[in-house]
1. Return the sequence-ordered ³J(HN,Hα) values of segment 39-53 in whole Hz as given by the Karplus equation 6.51 cos²θ - 1.76 cosθ + 1.60 applied to θ = phi - 60°, using x for Gly and Pro.
2. Quick one: which of 8-16, 47-55 comes out on top by average Cβ neighbours within 10 Å, and what's the full order, highest first?
3. Which order do peptides 98-106, 69-77 fall in by mean Cβ count within 10 Å, highest first?
4. Given a Förster radius of 35 Å and the C-beta distance between residue 77 and residue 119 as r, what FRET efficiency does 1/(1 + (r/R0)^6) yield to the nearest 0.05?
5. Across the Cα atoms of segment 1-125, what radius of gyration and what greatest pairwise Cα-Cα distance (Dmax) are found, in Å?
6. Using a Gaussian network for the chain with springs between C-alpha atoms less than 10 Å apart, which of these wobbles most: 57, 45, 109?
7. Would you please give the residues with an amide H less than 5 Å from that of residue 13, counting only those at least 5 places away or on a separate chain, with H modeled from the backbone geometry?
8. Just the isolated ones, please: cysteines in the chain lacking another cysteine beta carbon under 4.7 angstrom.
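Coordinate-derived values only; no laboratory data. In this text the structure is predicted, and so the values were computed from the model without any measurement. All Cβ positions, even for glycine, are placed from backbone atoms using ideal geometry, and neighbour counts span all protein chains on display.
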Amino acid sequence: MGRHYTGDINGKFWFAVQSSNDADFFGVEGVEPETLEYRFEECDKPKVKQGIAKCKKVLGSKYSKLQEFFNNERDCYNDEEVRAYLKLETQEETRKALMWYARLELGNKILECLDYKGYCSFTAEL
């Protein structure tokens, strides 16, 4: 169960961390009735790259630590594990780091698809 996106890229939005319209951050707004429809074109690449760079900047040193944490092929995690691993003070800091990391993962998928196909189209469940 959960909200997914499907099309040229596929994935699952992070529960309680990532909104269905998170791809808006990379410069193209989703079109919605019951789902959000996204279509990124080659000309959108600079905005996607800019969004990825901003994600990395906001995450700072937490970026490599989160990569380490999630590279262990985790099927599940909880916020306390992440907070302890990153040595963060508050739950809010943890949620913010996870939100930016999830967004970065989405941006990387969009960019990889653009590099491979020249466009990226997908539907996001609301």
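1. Coupling constants for segment 39-53: 9, 9, 10, 3, 5, 8, 3, x, 5, 5, 4, 5, x, 4, 4 Hz.
2. 47-55, 8-16
3. The most tightly packed comes first, giving 98-106, 69-77.
4. The formula returns an efficiency of 0.60 here.
5. Cα only, segment 1-125: 14.7, 42 Å (Rg, Dmax).
6. Ranking 57, 45, 109 by mean-square fluctuation puts 57 first.
7. For residue 13, the qualifying residues are 3, 4, 5.
8. 43, 55, 76
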